[in-house]
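Novice: I am attaching a structure below and will ask some questions about it afterwards.
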């Protein structure tokens, strides 16, 4: 049999499995899309470079200057340290916020009683931006890792809370009837066997959104003086080292890209049925 | 656990009535519905839309309480005495065909090897060989309904309740499913209450047909169908019965 990818594409198209048709689409468009993406990236760099020629470095440094700064920060060890510090805020903050958000979303989405009790509080607290709580973070935890993690947790909490709440609300009552008719009893039984799996697409989308948003919050949460990428950006911009600022922004993007890609892979595996 | 270990039980409805409160006053959805289904009997419930047959189904299935009257047996989750099949399948999309069929057995803590063996037999019974690992999204409507049927049979209920189970599939698939359900009834001797709006389907399948009228939903007539199976709609006897049911429904 030929190893020409085209041949495989045709064969999989005949298969009734929906999964294969997705793979076929990926195979067919991957090269084309990759090419387009790379050319877009080059166009962006070109525009940036041209624009930087007429500007002083503290307004807009050129791409090579940023690359140089990136490698300097890497080899001096300052960038790996900042990344490690930021991850130390982000991981606990995101994990705690996500866990509590999903838990609260399940409880309030499932229980009418809890929802009725807590709805006014939720409405009251929802509009508070996490950064407005920096004062509390300092007062309760101090200017340290825990304080920064707290801010991130708040951000992650709300995204996951609403995603889960919406997911639970949309679970079909018919599926619950079926489960009851097949012997599932009690709230925990229904949550475990029907509500959580049925709501999982929404929950996973929430987690993925919150990963991105809370990573952006890292920068803001560190501005009040906790060391990390955010603090490093703050220091560099005070010194007008815009190339360093952009180098760290690049680090933020790359880190996000890695984490997001990893999570998307997990999400796809978990939602094969979807 | 054999497929037909729990053969049919008797189902009895005694003066079942259902009222709803609505802004325009109370609505009498069902009035004084009484009939019984003997062990192993296949009874079809047919009626025009709005005659309360789905409400009656939900009351028998235990999802709703009647305002008056009683239904015996009541559905108990301990024994899982009722297998329920809905019009819209309602499969668990995150579970494979096998996973759907196993669902009730898992709740009963049936041993894993028993579950596997029984799942295989049910898959054979409903004709889904080779699809045990497929997810519902890749199945046709008729296949989904077969899975739903196998899932309901998996807990070996003594009573099978079906609410317009074949009305969402194409005519050809429906005919095949109708033959299948007759075979399964033959093999398992379950008591079956089968709700449909399709007169022909009711007359083809049922040992008896309960005909309902609307406003309020009540029984118009209970007809014994003594024709031998398979029944052809082209015979004069079938035609006569068809007219008789149609008289109530129009």
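Bear in mind these aren't lab numbers, they're just calculated from the coordinates by the rules spelled out. Remember, predicted model here, so these are calculated numbers, not experimental data. When we count neighbours, we look across all protein chains shown, and the Cβ atoms used for this are built from the backbone with ideal geometry, even at glycine.
Novice: Per residue of B:130-138, count partner chain C-beta atoms within 10 Å of its C-beta, then hand back the mean as an integer.
Specialist: Details: counts 0, 1, 0, 0, 5, 6, 1, 5, 8.
What the average comes to for B:130-138 is 3.
Novice: While we're here: If each DSSP helix of 4+ residues adds -39,500 (n - 2.57) and the sum is divided by the residues in the protein assembly as shown, what number results at 222 nm, nearest 500 deg cm²/dmol?
Specialist: Dividing the helical sum by the residues of the protein assembly as shown leaves -19500 deg cm²/dmol.
Novice: Using R₀ = 51 Å, calculate the FRET efficiency as 1/(1 + (r/R₀)^6) where r is the Cβ-Cβ separation of residue B:109 and residue B:67; round to 0.05.
Specialist: 0.90
Novice: Given a 10 angstrom Cα cut-off, can you work out which residue in B:225, B:84, B:101 is the most mobile in a GNM of chain B?
Specialist: Result for chain B, Cα springs under 10 Å: B:225 fluctuates most.
Novice: Here is a further query. Can you tell me the 0 to 90 degree angle between the C-alpha axis of helix B:112-126 and the longest principal axis of chain B, rounded to 10?
Specialist: The angle comes out at about 50 degrees.
Novice: Give the angle, between 0 and 90 degrees and rounded to the nearest 10, that separates the Cα long axis of helix B:236-249 from the longest principal axis of the Cα atoms of chain B.
Specialist: Taking the Cα atoms of chain B, the angle to B:236-249 is about 70 degrees.
Novice: Another question about this same structure. Exposure proxy check: B:74, A:169 ranked by fewest other beta carbons within 10 Å?
Specialist: Fewest to most other Cβ atoms nearby, the residues stand as B:74, A:169.
Novice: What are the radius of gyration and Dmax of chain A, computed over its Cα atoms and given in Å?
Specialist: Just the Cα atoms of chain A yield Rg and Dmax of 23.6, 73 Å.
Novice: Arrange the following residues from fewest to most other Cβ atoms within 10 Å of their Cβ: B:224, B:156.
Specialist: Final ranking by Cβ density, sparse to dense: B:224, B:156.
Novice: Measuring from the lowest to the highest alpha carbon on each principal axis, how far does the stretch B:74-173 reach, largest first, in angstroms?
Specialist: Taking the Cα atoms of the stretch B:74-173, the three principal extents are 36, 32, 23 Å.
Novice: What does the structure give for A:181-190 when I average, per residue, the other chain Cβ atoms found within 10 Å of the residue Cβ?
Specialist: 6
Novice: Something else about it: Using only the Cα atoms of the protein assembly as shown, each taken as one equal point scatterer with no solvent, compute I(q) by the Debye sum, divide by I(0), and report log10 of the ratio at q = 0.05, 0.12 Å⁻¹.
Specialist: Normalising to I(0) and taking log10 leaves -0.34, -1.13.
Novice: Given contacts defined as C-alpha pairs under 8 Å and at least six residues apart, what's the relative contact order of chain B, whole-number percent? Don't jump to the answer; show the numbers that get you there.
Specialist: Details: 492 pairs, mean separation 72.3, N = 250.
Worked out over chain B, it gives 29 percent.
Novice: How high is the FRET efficiency between residue A:111 and residue A:33 when r is their beta carbon distance and R₀ equals 56 Å, given to the nearest 0.05?
Specialist: Between residue A:111 and residue A:33 the formula returns 0.80.
Novice: Rounded to a whole number, what is D in µm²/s for the stretch A:187-269 from Stokes-Einstein with the Kirkwood radius over alpha-carbon pairs (10 °C, 1.306 mPa s)? Mind showing how you got there, number by number?
Specialist: Values: Rh = 15.0 Å.
Here the translational diffusion coefficient equals 106 µm²/s.
Novice: Provide the FRET efficiency to the nearest 0.05 for the residue A:192-residue B:186 pair, computing r from the beta carbons and using R0 = 41 Å.
Specialist: Result of the calculation: an efficiency of 0.65.
Novice: Going by C-beta contacts inside 10 Å, put A:113, A:250 in order with the fewest on the left.
Specialist: Listing A:113, A:250 from fewest to most nearby Cβ atoms yields A:113, A:250.
Novice: Still on this structure, I have one more. Using a simple spin-label model with points 7 Å from Cα along the Cα→Cβ vector, what separation in nm is obtained for residue B:247 and residue B:34?
Specialist: Each label point lies 7 Å from its Cα, and together they span 2.4 nm.
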